[in-house]
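Report on the structure given below.
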Amino acid sequence: MAPCFPCNPEALSGKRITLMGLGTFGGGVAAAEYLVNCGARLTITDTASEENLIKSLDHIRGELNLKLERCTLGGHVEEDFRDAELLVVNPAVRPGNPWIQYVREKSIPITTELGLLWNELRWKGMKVAAVTGSNGKSTTSALLHALFKEHFGTAWLGGNLGGSLLSDLLLMQKGDWVVLEVSSFQLYYLESLQPTTDVAIVTNFSPNHLDWHQIVSHYRESKQRLIEYQNSDGITVLNVDDSASCDWPTRGERHLFGISATDELTINGEEIRFPVLEWTGLKGRHHLANIAAAMTAAQAVGVPLDTMQKGLHQFEPLPHRLQWIGEINGRDFYNDSLATTPESAMAALRAFDRPIILLAGGSDKGSDLEPFAKEIRTRCKQVILMGDTQVKLAELINQHRTSEVALVESLIESLVDYSIANSFSEAMQSAWDASQVGDIILLSPGCASYGWFRDFRERGERFVEQYQQLVTQSTPDRLD
């Protein structure tokens, strides 16, 4: 067991604390502000340059006017860690990082921005509902938040979705519900906190992030940490249709959700016959499981069905999750940049019954891409391949092309076309040039964004920007 950091936030005062990984999306800045306001002597260190972190640094030095002990950019040095009494690490930092090993050898406690938040929530008596899983956790978290907000009046949403709730702590009241999306990276670093939840949801489990975890068992154990420390009076929500996770050992009261053969939601075996996709604005059958998970958790804490119906009507889909961007000359554009796993991208492909031109590929996380390649072969008119996995995906597509042609030569005419893109703008232009009236142009990469982009948000935002450029450049008969 890793050494624990002080559970009383007041004990952070005067502590020498190092924040490893400032980042650019708010979590690092919020952690820095929180720690300095707690009276900590804060050192910030990041491998990124000052130029790349300029927005975060301007916020810290300017608007917040935080006083730091040290700030080391462009790399780490021993002085940043040697005398630290607590390390707050960006969860993207891998367990095998030499500075993580250095800190562990010196028995310095390690936590994250989420760990700081979770500690505060526990200290202040908030109620925590946490969601993890390989796919669907963001949408499930947002859905549960909508249901809780409709019933309880106040609810908070945070965690892996981005940003930070640390800055909202003064607004929170004892007994408020806080819904957190929690990644495997974050759960790994929550070990010393032994996180307990009032509600824990596991959407599903499939191998992912093996570039970070190295082996499936490490990834699984990190996910299971969400339910490992739950008390007997907690509520555990599991997917009865997911054989990889539905039998995980639990301490809390088990509640099961699933989807029937007729696409009805099932909550603890009871079918719910509502047009939930229509109410939420979500597209794709795979979202039925996300809705069922959220409704099962809400029912378990006493939210009535009529209130859930109102909450689903109020729900606004999150960006980058099979998000309709717009239409140009009869072509619809969908941003599904958050589809960083093959399973998520495959689900997106199954959501449409029109010809699809797919933008796929990216950073290699060690996922099995063969099923994705098969799905592309079956459902896509054309695919534009991007990033580090483009060659691997091309080889898999060609492999299936060869085997299918050998079996049925008549399939030659229906084989998916693919092309290789050297930049995202080239990928978008290729998709645009290949499209016809009635086509779907879909960004659903099935891979992480690293290499070409900082993260899935930047990738999705670039997709929207490229779409807007096409709007200004196009004419009614541009492609017709």
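Observations on the model:
- Estimated [θ] at 222 nm from DSSP helical runs (n ≥ 4, -39500 (n - 2.57)) normalised by residues in the chain, nearest 500: -10500 deg cm²/dmol
- Top positive-direction residue, dipole computed over the chain with Cβ charges, set L359, L288, A84: A84
- Proximal lysines relative to K55, as straight alpha-carbon distance under 28 Å, when same-chain residues fewer than 8 apart are discounted: K15, K67
- Near M20: Cβ cut-off under 9 Å, other residues only, Lys/Arg at +1 and Asp/Glu at -1. The net charge is -2.
- Inter-site label distance for L171 and K392 at 7 Å from Cα along Cβ, in nm: 4.1 nm
- Karplus (6.51, -1.76, 1.60) ³J(HN,Hα), θ = phi - 60°, over region 178-190, in Hz, Gly and Pro reported as x: 10, 9, 10, 7, 10, 8, 5, 4, 5, 5, 4, 7, 8
- Dipole of the chain, positive end: most advanced residue of Y334, N8, H313 [Cβ charges, Cα centre]: N8
- Taking 14 Å as the straight-line reach from the Cα of K392, the aspartates and glutamates in range (excluding those fewer than 8 positions away in the same chain) are D364, D368, E370.
- Take every DSSP beta bridge whose two residues both sit in the chain; close to 20 percent of them are antiparallel.
- Between the residues S260, T139, G234, the greatest Cα displacement towards the positive end of the dipole of the chain, with unit charges on the Cβ of Lys, Arg, Asp and Glu, is found for G234.
- Cut-off under 5 Å, modelled amide H: who pairs with Y418 long-range: V383
- Accessible area per residue, Å², the chain with all protein chains present, probe 1.4 Å: 42 Å²
- Divide the volume of the convex hull around the Cα atoms of the chain by the residue count and you get 157 Å³ per residue.
- In a simple Cβ point-charge model (Lys, Arg +1; Asp, Glu -1; nothing else charged), region 278-407 has a dipole of about 220 debye relative to its Cα centre.
- Of the solvent-accessible surface of the chain, computed with a 1.4 Å probe and all protein chains present, 46% belongs to carbon and sulfur.
- Rounded to the nearest 20 debye, the dipole magnitude of the chain is 820 debye, with +1 charges on Lys and Arg beta carbons, -1 on Asp and Glu beta carbons, and the Cα centre as origin.
- Ranked by how many other beta carbons lie within 10 Å on average, peptides 391-399, 51-59, 268-276 from highest: 391-399, 51-59, 268-276
- Set of lysines near K223 by C-alpha distance (under 22 Å), chain-local residues within fewer than 8 positions excluded: K127, K137, K365
- Peptides 463-473, 367-377, 283-293 ordered by packing proxy, namely the average of other Cβ atoms within 10 Å per residue, highest first: 283-293, 367-377, 463-473.
- Among 448-456, 17-25, 167-175, the peptide with the highest mean count of other Cβ atoms within 10 Å heads the list, and the full ranking is 17-25, 448-456, 167-175.
- Annotation: amide H of T112 within the under-5 Å range of V89, sequence separation 5 or more or interchain, hydrogens built in the peptide plane.
- Distances between placed amide hydrogens fall under 5 Å for N160 paired with E181, V182, S183, all partners being 5 or more residues away or on another chain.
- Equivalent-ellipsoid semi-axes of region 143-268, from the Cα gyration tensor, Å, largest first: 24, 21, 14
- Region 188-279: antiparallel DSSP beta bridges as a percent of all, rounded to 5: 45 percent
- Compactness check for region 191-350: Cα Rg over 2.2 N^0.38 Å is 1.13.
- Our summary gives region 224-317 a relative contact order of 24 percent, counting only alpha carbon pairs under 8 angstrom and 6 or more residues apart.
The values are calculated or read from the model by the stated rules, or taken from the named source; none is laboratory data. This structure is a prediction, so every number in the text was calculated from the model and none was measured. Using ideal geometry, Cβ is built from the backbone for each residue, glycine included, and neighbour counts are taken over all protein chains shown. What goes into the accessible areas is simple: the full protein's heavy atoms, side chains included, and nothing from ligands, DNA or RNA. Shrake-Rupley method; radii C 1.70, N 1.55, O 1.52, S 1.80 Å.
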